[in-house]
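Notes to accompany the following structure.
The values are calculated or read from the model by the stated rules, or taken from the named source; none is laboratory data. Quick caveat, the model's predicted, so the values are computed rather than measured. No Cβ is skipped: glycine too gets one built from the backbone with ideal geometry, and neighbour counts run over all protein chains shown. Note: areas computed on protein heavy atoms with side chains; ligands, DNA, RNA excluded. Shrake-Rupley method; radii C 1.70, N 1.55, O 1.52, S 1.80 Å.
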Amino acid sequence: MTNNVSVSRTGWLIADGDNRRLEVLESPLVKSTKPIYQPVRQFIADHGLVLATQQTFQDIDWMLGEVEMSVYVPLASRNASYSAVSA
């Protein structure tokens, strides 16, 4: 069974995905401790997701002209991907 989450605060925070893969786009002004991030933080914790990759891009549509993209997956999925690459 998959559980979904979707958060959309244009220019600030967009999160979309499920308990197998969650993509988060956020302004550098949004910190994981801020109330706006709470539903995302809770979903990550509830489903045991871990950071798989993170990258920052220039984008004038986001606050400060930057967006940070993070992808979260279950630990077993991340470790399986790393094992395949290092084999």
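Structure data summary
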| quantity | calculated |
| --- | --- |
| Two-site FRET efficiency, Gln38 against Ser77, from Cβ-Cβ distance with R₀ of 25 Å, rounded to 0.05 | 0.55 |
| Rotationally averaged projected area of the chain (alpha carbon convex hull; nm²) | 6.0 |
| Extension reserve of the Thr2-Lys31 stretch, reckoned as 0.36 nm per residue once the Cα distance is removed | 7.8 nm |
| Percent accessible area from carbon and sulfur atoms, the stretch 1-73, protein chains only, probe 1.4 Å | 51 |
